[in-house]
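Since every read-out is calculated from the coordinates, none of them should be taken as a lab result. The model shown is predicted, which means the values in this text are computed figures rather than measured ones. Every residue, glycine as well, gets a Cβ built from its backbone with ideal geometry; the counts of neighbours run over all protein chains shown.
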Amino acid sequence: MEEDSRFPGTNAGGDDGGRVAGGGAADGGAVGEAAAARSRSVFDAGLDSFTGSLVLQGVEVLDQDQAGVVLTRLDQLGRWVQAQQAKVLHRIEGIFRDEMFFASGKLEPGLAFSLAAEEAATILGIPTGTAAMRMNEAGTLCETHTATLVKLESGALSYGHVQTVLDQSQNIPAAELPGFEAELLGVAVAGQTGSQFRVKARRLRESKYPETIQKRQRTAFEKRRVVLDPGCDGMSWLSASLPAEKAQAIFTQLSKAARGERSAGDPRMVDQLRADILEDLLLDRGGRDTSCGPSCGEKGVGGRKTGSGTTGGKTIGRTTRNRARARARTEILVLINAETLFGADEQPAELHGYGPISPETARRMAREAAKWTPVERDPVTDEILRVGRRRKVPAGLQRWLRARDGTCRFPGCRSNAVISEIDHTRPWAQGGATDHDNLEHLCRRHHMFKTEGFWKACQPAAGIIEWTSPGGRTYRTEPHLTYNSETYNSEPPGEFKPPMSNPVGSGAADPDDYSGDPPPF
């Protein structure tokens, strides 16, 4: 493995351009300012040469021992890079914390951290939550766990081991933290997997500080949540972080019910039955099983109704369905061609917030829908053909905008448009029109960032949003769907009119009905 001499800082000691940048902060006075200026000039010169490549040659002739050595060195290099990223992330946080002042005239550390994490997320192309977690970990490594950072930089620890050290060090008295960190690092044996180290670290923590377990559990409980992760082939992962005993009880009940169904002759696998039973309970189907897949219609594979064959299944069914509970009205948007809807072709439909779904699934959802609104689009280009104008955002235009945007239009944000807010790109108070080419969906967090002026947005073309970050970087987001501008421009100004009549029983809302969620600006 050869090292390009133009690529500075690839030595294991970590004396890179980033470290020079870290020493560039002015410490006050003429001497400090001069030193800062010199450091910046050195860093700028180094940054210009921070290009090049590491070349791995002759992989095909490596023997077993050589391949192992090279793989080890590559792993160490990756750990060194992670350590440098932690230093730079901490520096970015410091810049926002020390140099950002807000409308109140006061320093707001929480907002500064949030903006810094957002900047890092867009630079690295990762979710905001991931960037915030890494920035928080970087701050801990650079401030209170420098010994752990040194171990990571030298390649002695993986980042998974580092996260375990940070996790088990929470709520340790400050005076005892260095000693406990040293003990944790002492049990991190070379060659130990992350899970093996996690078990040892947890035992060490609980043996030395057993009184903190209640506080840690309360902290973890506050982080409970449900996560939807879109998968492939019409499937998604739905996971929940719950108290361990409740999660175990739910899984045990699902397993008992599934095994009972299997014993009664249901041919589905236990894993499939767990999923189907959970779906029926949460969607309150009353025992009607529609989860067997697109090829078996409305009836289960074995012809049985989930939860009806065994004591375990009945227990879950009675407990859940007999409990009175408020149910929020939800809207699921499916875009489907008329030909596909009526079975004339088999083109995939589009599930809002997910992507393509099978025509069979879309037709079933259309049959079960309480109401639906047609949208006309070009059968060749899939572009939306028409939309009208109105001073206020009518219900029909709101639905069209949800179809166009799909998600919050902030760079990298995947919050569904259904739970986001409609924003005027150019504020209404400044003359911005309530029109499709001046409207976009933003989640509440990113709506606040734009309204407060931290991030700036413009819409140079309909549906195209260009963003400028607090650091001066620019980003561009594209709409989920596009429309035919020529057809749109041929329409006279006036009310928004759906290009097709709403079907009987569609329950279309009045154009001025905001359904309790008017656009805030």
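Quick notes
- Packing-based ranking of 52-58, 259-265 yields 259-265, 52-58, ordered from highest to lowest mean Cβ neighbour count within 10 Å.
- As a rough guide to protection, the peptides 417-425, 215-223 ranked by mean Cβ packing within 10 Å, highest first, stand as 417-425, 215-223.
- Above-threshold pairs, the threshold being 30 Å between Cα atoms, out of Lys215/Lys456; Lys215/Lys246; Lys200/Lys223; Lys215/Lys256: Lys215/Lys456; Lys215/Lys256
- Note on Glu143 and Ala240: their simple-model spin labels are 3.5 nm apart, each label 7 Å out from Cα toward Cβ.
- Length released on extending from Phe342 to Met133, taking residue separation times 0.36 nm less the Cα-Cα span: 70.4 nm
- Counting 0.36 nm for each residue step from Gln170 to Ile419 and taking away their Cα separation leaves a gain of 86.3 nm.
- Estimated inter-spin distance, Thr51 and Gln192, nm [label 7 Å along Cα→Cβ]: 4.5
- Local net charge near Leu157, Cβ-Cβ under 10 Å (Lys/Arg +1, Asp/Glu -1): +1
- FRET efficiency estimate (nearest 0.05) - Cβ-Cβ, Leu71 to Met365, R0 41 angstrom: 0.25
- Residues Glu279 and Arg259, FRET efficiency given R0 of 22 Å [Cβ-Cβ distance, rounded to 0.05]: 0.80
- Ranked list, fewest to most other Cβ atoms within 10 Å of each Cβ, for His145, His480: His480, His145
- When the alpha carbon gyration tensor of segment 134-199 is reduced to an equivalent ellipsoid, the three semi-axes, largest first, read 17, 14, 11 Å.
- Approximate spin-label separation Met448-Ala247, in nm, with each point projected 7 Å along Cα-to-Cβ: 2.8
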